[in-house]
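S.K.: Below you will find the structure I want to go over with you.
The values are calculated or read from the model by the stated rules, or taken from the named source; none is laboratory data. For clarity, every value in this text was computed on a predicted model and none was experimentally measured. Cβ placement follows ideal geometry from the backbone for every residue including glycine, while neighbour counts extend to all protein chains displayed.
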Amino acid sequence: MMFRRFLPAAALFMLPALAMAQTPGTQAPATQTQAPQANPTASLAHTPRDPEPEQVEAHIKALHDQLRITKKQEALWTPFAEDMRTNGQRLHDAIETRREKLPQMNAVENMQSYAELVEERAHDMQTLNSAFATLYQSFSKKQRKNADTLFTQGDAEHAEQQQARTAAQTGTAAPAAQ
């Protein structure tokens, strides 16, 4: 269960789309008498969620436990975990830089800044994927099946969370989970 909570954080390192997720609590809750105001342009000036170092570490530990990494696999796990840490720090630095410059940016600069951030995330994903592919090759059949299931579940949960956030922002009901 803990892995499922932190898999969206993994997606932050693995799926650039997660960068569009909002940090919980950043939007004021709507009251029953007041419908939430939808802002169709809000995402244009959006800066991706910045995971706390503690969240990254908790995710790494949970993933290690869920994937059942053996002592023999630790040598392959370590570069993967270090890539997650490095990517998390790089994302943090890029987000801080973007936040500092955002008030002075015009629309074109804003879009360019975001494009550069997404491009950097894609590069980080490639690095992370290379380390994970090597680790995955060392997995037993049971570990591979487990990893495949965990990552598939994480993608489905991430999609449901995105739908719920979108529904909350637009004031519509979220589709029921299947």
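S.K.: Of the residues 101, 145, which single one is closer than 20 Å to residue 61 by Cα, in a helix (DSSP H, G or I) and of a type in the set (Lys, Arg)?
M.R.: Working: 101 fails: closer than 20 Å to residue 61 by Cα.
Just one listed residue meets the conditions, 145.
S.K.: State the number of residues belonging to the range 69-85 that are under 17 Å from the mean Cα position of the chain (by Cα) and buried (at least 16 other Cβ atoms within 10 Å of the Cβ).
M.R.: The first filter runs over the range 69-85 and keeps only residues under 17 Å from the mean Cα position of the chain (by Cα), leaving 80-85.
Subsequent filtering for residues that are buried (at least 16 other Cβ atoms within 10 Å of the Cβ) retains 80-81, 83-84.
Adding up the residues that qualify gives 4.
S.K.: Now, a different point. Going by the structure shown, is residue 135 under 23 Å from residue 75 (Cα atoms), aliphatic (A, V, I, L, M) and at pLDDT 95 or above?
M.R.: Details: under 23 Å from residue 75 (Cα atoms): yes; aliphatic (A, V, I, L, M): yes; at pLDDT 95 or above: yes.
So residue 135 fits the description; yes.
S.K.: Residue under question is residue 35, and the condition is that it be surrounded by 18 or more Cβ atoms within 10 Å (Cβ to Cβ) and either under 30 Å from residue 145 (Cβ atoms) or at pLDDT below 50 (or both); does it hold? Don't jump to the end; show me each part of the working.
M.R.: Working: surrounded by 18 or more Cβ atoms within 10 Å (Cβ to Cβ): no; either under 30 Å from residue 145 (Cβ atoms) or at pLDDT below 50 (or both): yes.
No.
S.K.: Same structure again: For residue 171, work out the one condition from (1) at pLDDT below 90; (2) under 30 Å from residue 97 (Cα atoms) it doesn't fulfil.
M.R.: Only one criterion in (1) at pLDDT below 90; (2) under 30 Å from residue 97 (Cα atoms) is unmet by residue 171, namely (2).
S.K.: Something else about it: Can you tell me which condition residue 79 does not meet? The list is (1) in a helix (DSSP H, G or I); (2) at pLDDT below 95, and all the others hold.
M.R.: The single condition residue 79 does not satisfy is (2).
S.K.: Another question about this same structure. Within the range 94-141, can you find the residues that are charged (D, E, K, R) and touching a residue at least 24 places away in the same chain (Cβ under 8 Å)? First the steps, then the outcome.
M.R.: To start, the set of residues in the range 94-141 that are charged (D, E, K, R) comprises 96, 98-101, 109, 116, 119-121, 124, 141.
Of everything in the range 94-141, those that are charged (D, E, K, R) and touching a residue at least 24 places away in the same chain (Cβ under 8 Å) turn out to be 96, 98, 99, 120, 121, 124.
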